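Undergrad: For reference, the structure I am asking about is given below.
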Amino acid sequence: MNSLASPSAAPAPARRHLPAFLSHPSVLVGGFLVLAIVLMAMAAPLLGTVDPTRIDPGMRLKPPSELAWFGTDLFGRDVYSRAVYGARSSILIGLCVATAALLVGVTIGLVTGYFRWVDAIVMRVMDGLMAIPTFLLAIALVSLTRASIATVVVALTIPEIPRVVRLVRSVVLTVREEPFVEAAISVGTSTPKILLRHILPTTYAPLMVLGTYICASAILIEAGLSFLGTGLPPEIPSWGNMISEGRTFFQVAPRLVFLPSLFLALTVLGINLLGDGLRDTLDPRIAKRM
């Protein structure tokens with residue numbers, strides 16, 4: 001009975017899938033793109049950039065040159081520098097939203113799935129949160145407070161929590177009937193220990209995949225909010241802000257929109273490819289067909 005109650009009875013940890021990860025083309029391509037964007041964001045000051053917020057009216061809308069590789073915008077700011085530094089804002093928001101949504105959602109999902117008496121109440125609350133459009137929530141929060149990274153993170157995290165709760169709850173409802181969980185209960189294992197040591201590890205694989213999609217979705221929605229003027233303030237370098245400011249001069253200087261759009265597309269593509277590769281590797285039904 002003790003052997004049934006041991007953590008080894010749970011599904012294999014993700015490290016056993018490492019060889020499959022490294023050989024999957026989507027993981028390789030997606031991981032390379034994500035790693036390149038992250039390294040670019042971290043090493044932004046070392047990549048030939050200048051102050052992305054410096055305004056120089058005498059340099060407004062200059063074409064590409066040795067001083068400004070992709071030219072300057074309406075306010076004389078270096079387009080290349082703003083695009084590189086904009087990666088910091090996007091990556092930070094994506095990681096913060098994914099981390100916060102996973103932490104809160106996993107906690108609520110474990111409790112909801114294990115204790116049946118709280119299921120009806122919590123899930124009705126989750127249904128209510130899912131009915132709130134992300135854009136409307138962000139507009140409301142910005143109007144009540146002020147445009148900032150923290151406001152955008154909160155606005156994007158709240159609608160993502162129900163997704164995580166539903167996923168974790170469905171896994172817990174299945175796993176709580178497994179023999180190794182029943183054995184742990186029969187030998188007197190405490191409820192927190194059962195949740196953390198026996199049930200939580202079974203959610204790692206689907207949560208890894210969902211986390212990548214939440215991160216990509218947060219980056220894309222933040223760019224849309226900034227494009228509409230309800231995301232990050234204009235002084236913060238952001239791909240959405242750059243696209244919004246450059247759309248007026250698109251016919252004259254399409255580079256103002258091209259570079260931030262390219263970085264945004266490559267980042268979202270890389271994260272989605274990474275998530276697809278993780279799903280294909282961690283899902284036994286798909287892995288058997290490969």
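The values are calculated or read from the model by the stated rules, or taken from the named source; none is laboratory data. Just so you know, these numbers come straight off a predicted model, no measurement behind them. FYI the Cβ positions are ideal-geometry reconstructions off the backbone, even for glycines, and counts take in every protein chain you see. Side chains included, ligands, DNA and RNA excluded: accessible areas come from the protein's heavy atoms. Shrake-Rupley method; radii C 1.70, N 1.55, O 1.52, S 1.80 Å.
Undergrad: Quick one: Karplus J couplings for the stretch 58-72, per residue in order, coefficients 6.51, -1.76, 1.60, θ = phi - 60°, nearest Hz, x for Gly and Pro?
TA: Karplus-based 3J(HN,Hα) across the stretch 58-72 equals x, 10, 5, 6, 7, x, x, 7, 5, 7, 9, 4, 10, x, 10 Hz.
Undergrad: Taking the stretch 114-216, how much of its Cα-Cα pair set, in percent, is spaced more than 20 angstrom apart?
TA: Tail of the P(r) past 20 Å holds 53 percent of the pairs.
Undergrad: Taking the chain as the reference, fit the longest principal axis to its C-alpha atoms, fit the long axis of helix 255-282 to the helix C-alpha atoms, and give the angle between the two in degrees, 0 to 90, nearest 10.
TA: Approximately 10 degrees, to the nearest 10.
Undergrad: Can you tell me the 0 to 90 degree angle between the C-alpha axis of helix 119-130 and the longest principal axis of the chain, rounded to 10?
TA: 10
Undergrad: I would also like to ask the following. Would you calculate the volume per residue, in Å³, of the smallest convex hull containing every Cα atom of the stretch 191-235?
TA: Once divided by residue count, the hull of the stretch 191-235 is 103 Å³.
Undergrad: Could you estimate the translational diffusion coefficient of the chain from the Stokes-Einstein equation, with Rh from the Kirkwood formula over C-alpha pairs, at 37 °C and 0.692 mPa s, in whole µm²/s?
TA: My calculation gives 155 µm²/s for D.
Undergrad: Summing -39500 (n - 2.57) over the DSSP H runs of n ≥ 4 in the chain and dividing by its residue number, what mean residue ellipticity at 222 nm do you reach, to the nearest 500 deg cm²/dmol?
TA: -21500 deg cm²/dmol
Undergrad: May I ask for the angle, rounded to the nearest 10°, between helix 204-228 and the longest principal axis of the chain, with both axes built from Cα atoms and the value confined to 0 to 90°?
TA: 30
Undergrad: Let me ask something else. Could you give the length gained on full extension between Arg116 and Arg54, defined as 0.36 nm per residue of separation minus the Cα-Cα distance, in nm?
TA: Length gained, Arg116 through Arg54: 16.6 nm.
Undergrad: How large is the translational diffusion coefficient of the stretch 40-193 in µm² per second when you combine the Kirkwood radius over alpha carbon pairs with Stokes-Einstein at 4 °C and 1.567 mPa s?
TA: 67
Undergrad: Kindly sort Arg169, Arg116, Arg146 by accessible area of their heavy atoms, largest first, with the probe set to 1.4 Å.
TA: Arg146, Arg116, Arg169
Undergrad: If you don't mind, there's one more thing I want to ask. With a point put 7 Å past each Cα toward its Cβ, work out how far Leu39 is from Glu182 in nm, to one decimal.
TA: 5.2
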